[in-house]
Each structure stands twice: as structure tokens, then as C-alpha cells.
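Everything on this sheet refers to the single structure shown next.
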Amino acid sequence: MITVDELPFKFVEGMGFKYFMSLCCPRFNIPSRRTMTRDCFGFYGEMKDKLKKFFQSCEGSVCLTTDAWTSNKQDSFMCLTAHFIDQDWKLRKKIINFGELKGHKGVDIAEGIVDCLDGWGIKKVFSITVDNASSNDTAVAKLKEVFNARGISICDNAFLHMRCVAHILNLVVSDGLGDISLSVKRIREAVRFIRNSPERLKRFHEFAAVQKIEGKRGLCLDVPTRWNSTFLMLQAAERFEKVFMMYEMYDEQFRKDLESKKDRHGIIGVPEKTDWDNARRMMGFLGRFYDFTLKISGSHYTTSNLFLQEVHSLYHLINKWVEEVEKDYDLSVMAKKMKLKYEKYWGDVDKMNKLLYIATVMDPRYKLGFLEYGLKRVYPEDGKGGRMAEDVRKATFELFAHYEQVWKSKQHKGASTATLTPIVEECGNDVIDVLAEYKRHREQIDGAVNKSELERYLREADEPMEMNFDVLGWWKVNCSRFPALSMMAKDVLAVPISTVASESAFSAGGRILDDFRSSLTPRIVEALICSSDWIRGDSRPSLDEEDAEEVDKIDEGKILKLALHIYIVIDF
């Protein structure tokens, strides 16, 4: 409870907790804060030993995400998260490091990662996802040197460096919003005016009640440098358009204050009807980027196979807005800037990590056909899309050749100790010859002579285009048919395309290492954050179908009776 709920160790010495335990379990011996500290750290050690044994016995690779964070004490921390698909074909995420960092230079980051991997006994790293900071480029280059020197690189580390898609998307949108429209500025200043005074906010809520606008979500002010906060501000304010109009009639200072504000284009003023219409169009535009960011930020489902369809649909949306100059000039200008930034990062497959496209091939719904179609549709000029698709095809076969070699060497080791089955031993060599001849006969009929697993996989019909298709479930069922290819799919589909999994740990770090607990040592902070992540990842409580049906049967009357019964018992 202390670890998962991020409670302070002194919680066990609080009056409320002691009174609570005296009622529900009087004989419980409440430990001191020192005992809790020792127990939590010991609990972390036990879980770490189990996880370390798993990594050391694991035959596959792990994918990493990393990011740096500075605490309120100005101490630098680095979070390193391992992503992998287990033997049951479930995607797992484990924070394996939340320790102090010597500095934010690339060499320091690389040393911290290598030390962490050595401590865990992790030898095979398939990819590492980082943001676009130059120090990360230096760190990845240093890691490539280390992996090459140790002879543990995969395809000469061609797929190691994965740039965070969420960060690139943020750069694309932020570049377009650099010169934001007047309509957004008017709405921002209107929201700022209301939120600056408790009295104004109270009156605003009264007007909202008159307009029968319900909901707990109120006005929120954006951070101009973060486009997603601008989207959320517009989304929250748009519901209150009529309320702003009522408030303008009630408070004369509202118009005076907003008309006194200026930017380089002139007076800002109050939001008009056209401003709200413009805001709704911009919301529809930014909403697609916002949804895409949320989708690729997941850590409990595969995200690498989502890249192609999602990012290319955004590209078509950008092109659509570029062409609609007459309909909305501001959005058209914004879309042109986004297109330039988009093509800088995603316009040339040679500058990208091809895993973003290989993951599409590993999705049995898409394979190479959809990849080629999508690239040709996005890049129709001068056969660029076709050339990009061919480059991805070559990279896919090169990567498969590595896993095929690994699988054959594994089979060769196993064959040295293998024996003939009793049936074959009894039947003799004649039956073996007949079976071999029949196999050759079937291969000639099927046209599968000398076909690799990857070729056979690509020849098969695509799976239906279902939105809730379970990619990992499909590979779990078919891994026996494609043993070498499934090893490749397990690593490729485990690649996270954003660093959100590591960044989210910093929110927990800020809560644990707050102003009131800033004296916690880095070892204790790492123990609490890592063990909390491991517990949450291993146990996700949910109702099974029978329990859910029982809950649905409970009506309000039964709930009230139950609540009254509990109250009487507690009062007694």
C-alpha cells in the first residue's frame, strides 16, 4: 500500500491510520516509519532479483525508452524503461532504472545506460527510443560503439536509434502554431480574464447554470508553447460560447480589458461569432493530432504497427488544409508550415528508422501490399513512394536473415541432443524416405520450394481489416508455423515509438520526491518508483464477466439498503 499508493513512510504513524487499524484489526502490530522504509526497500530487492533472473534467461531482445528529469532539489535523474513481449505474447513494460545522472551530456547518458544494462545482465538491446535532443544522438552513437565492441549488435545497429514520434509530432504542430490566429488569442485572453478573479469565475458559473451547461470540466488556460494545451483550452471554452456573450453584457470591464490588449497585428478584442467558428475548425484539425499522440503513447499495447496508417492520414489532412486557402487562410498557412516540418523528419525513409515501416509488415492485416500502397499514395511524385517501399522491403528481408540465422543455430544446438521418435525408429528408413518424397511433392504443388518463412507469410492472404484486431494474439497462434519470423515479430512489435512510458515516471518522481520528502535518498526513490511500476504492471484488477453481470443487477435501492446496513454496523 505504501509503495503503490505513493504514501510517505510516516503514514503508518498517523493518528487516522492508527485509529482505523484499531477498529478493523486491533491486534495488528503497526510498524514504525523506519521499519516501513526497511521493508519497502527489501521488497524492492526481492522483486528485482526475480526480474533479473527473467532477463538473464530471456532469449529475446528488449527495447528501451529513456529520458532525463531534474527534481526540485536540482538533482538529475535518468529513467530507463524496458519493453518486451513475454512467452505468452503479452507486451510488458518495466522501469529498470530511476537513478542519479552525472550530467546531461551524451557520454554521461550512455555510461548510465551501459551500467544499468550490465547490472541487470541484459545483453541484447533491439532499439532505444529517445527524444530529439542532440545529447541523445551522442548517447546512441556511443551505445552503438559499445554494442559493436561486445559483438551483440543486431544488423550492425541499423535499427537501434528510434526517435520519439510524439516529440516529432510536437515539433510539427508547434511549428504551425508559431504565429497563432487572432481568434485563438481572443479566446485565450477571455479565459484569462475570467480565471483571474474568483468573483468573475463564480458569476461565470452562474451564467453557465442559466444556460443549462452542465459538467465538471471548467475553463482552463493554455501554455502558449504547448499546442496540446491550446487544444484543450479551446475544447473547454467552446462549450461556453453563449456564457461568454452573457458575461460581456453583464461586465463592461470585460470588453475594455480585452480591447486594451494588443499584439503586433493590433488590438485583440473580445471573441466574436466568427472567432468561435474558427476555433471549432482548428479544434477539428488539432484534435486529430491530439488523438494520434494519445494513441501512440500507450505502453500496454503495440504502437509500432500503428505508425503508417496514422501518420499518413495526418499528412493527407495537412495537404487538404494547405489547399483550402480561400476557405480558411490562417489554417492554410499553419498547415504549410506543418508540411515542411513533416517532410523534414518523415519525408525520406533513409533518414528514418525503418522499423516504423517494418512493423506494418509484421501486422498480418497489412504486410507489404498495404505498405507499398500507402507510400505510393503519400509520395506519388517521381516514383518516390515505390522506391521507399522497395527500401523497406530490402530492410525487412535483411532483418529476417539475422533472425533466421539465430533460429538455425538454435535448432542446430538442439539437434545434437535430439533422438528419433519411437514411431520412426520402429518404421525404419523406408518410411523416412517416403515422408521426405511426399514433402518434396507437396512443395512442388504449392510452389513453396526454397521459400523462406517470410516469403510464405507474405504469400498468405491478409487478415480482415478489423479495428480491434489482436496482433499479438495472431502471432501467438501462428508462431509454430513461423518460428524464426515470430522471433523477429516479437522484437519489432515490442518497439515503443514514444518516450511517454519513461516520461510518466517523472510524474511519480515529483509526487514521491516533493517538497515535504526531499530528504529521501536516490536509492529509496528508485526502489519506490521501480517497485510501484512492477506491481501495477503485474496486477491490473478488473471484474470478470460474472462479477460484471452481478454488479449490473444491483439497483439503487439495494445500494441504499447496503449503505444503511454498513452505517448501522459502523455506528454500533
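The values are calculated or read from the model by the stated rules, or taken from the named source; none is laboratory data. Keep in mind it's a predicted model, so treat the numbers as computed, not measured. So basically every Cβ, Gly included, is an ideal-geometry build from the backbone, and we count neighbours across all protein chains shown. Heavy atoms of the whole protein, side chains included, go into the accessibility calculation; ligands, DNA and RNA do not. Shrake-Rupley method; radii C 1.70, N 1.55, O 1.52, S 1.80 Å.
Quick look at the values:
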read-out	value
GluC sites (Glu not before Pro) within the stretch 40-128, DSSP loop, no more than 16 other Cβ atoms inside 10 Å	E59
Partners for K451 among lysines (Cα-Cα distance below 18 Å; same-chain residues under 8 apart left out)	K367, K394, K408, K439
Inter-site label distance for Q211 and S480 at 7 Å from Cα along Cβ, in nm	6.3
Distance (nanometres) between label positions extended 7 Å along Cα→Cβ at R195 and D348	4.1
Environment charge of T138, counting only residues whose C-beta is closer than 10 Å and scoring Lys/Arg +1, Asp/Glu -1	0
Set of lysines with alpha-carbon distance to K105 below 22 Å, sequence-local pairs under 8 removed	K73, K142, K144
Dipole magnitude of the stretch 209-284 about its Cα centre (Cβ charges: Lys, Arg +1; Asp, Glu -1), debye to nearest 20	260
Kirkwood Rh and Cα Rg combined as Rg/Rh, the stretch 66-202	1.15
Inter-label distance for V114 and E323, nm, one decimal - labels placed 7 Å from Cα along Cα-to-Cβ	5.2
Carbon and sulfur %, accessible surface of the stretch 110-208 computed with the full protein complex present, 1.4 Å	46
Per-residue SASA entry for V471, accessible area with 1.4 Å probe, Å² rounded to 10	10
Gyration tensor (Cα) of the stretch 1-113, equivalent ellipsoid semi-axes in angstrom	34, 22, 11
With DNA, RNA and ligands ignored, accessible area of Y250 (1.4 Å probe; Å², nearest 10)	110
Entries of K90/K341; K124/K410; K94/K476; K10/K90; K339/K384 with Cα pairs more than 26 Å apart	K90/K341; K10/K90
Solvent exposure ordering (accessible area, 1.4 Å, most first) of R365, R195	R195, R365
Sequence of E241, E323, E145, E248 when ordered by accessible area, the most exposed leading, probe 1.4 angstrom	E323, E145, E248, E241
Solvent-accessible area per residue, Å², over the stretch 184-293 with all protein chains present [probe radius 1.4 Å]	56
Residue-level accessible surface for W227, protein heavy atoms, 1.4 Å, Å²	10
Burial order of peptide ranges 461-470, 524-533, 84-93, 374-383 (average beta-carbon count within 10 Å, highest first)	524-533, 84-93, 374-383, 461-470
With every protein chain in place, the stretch 46-100: carbon and sulfur % of accessible area (1.4 Å)	40
Which of W321, W120 is most accessible, then next, and so on - probe 1.4 Å	W321, W120
Distance-filtered residues of the stretch 95-129 - backbone nitrogen under 12 Å, label point 7 angstrom along V406 Cα→Cβ	123-127
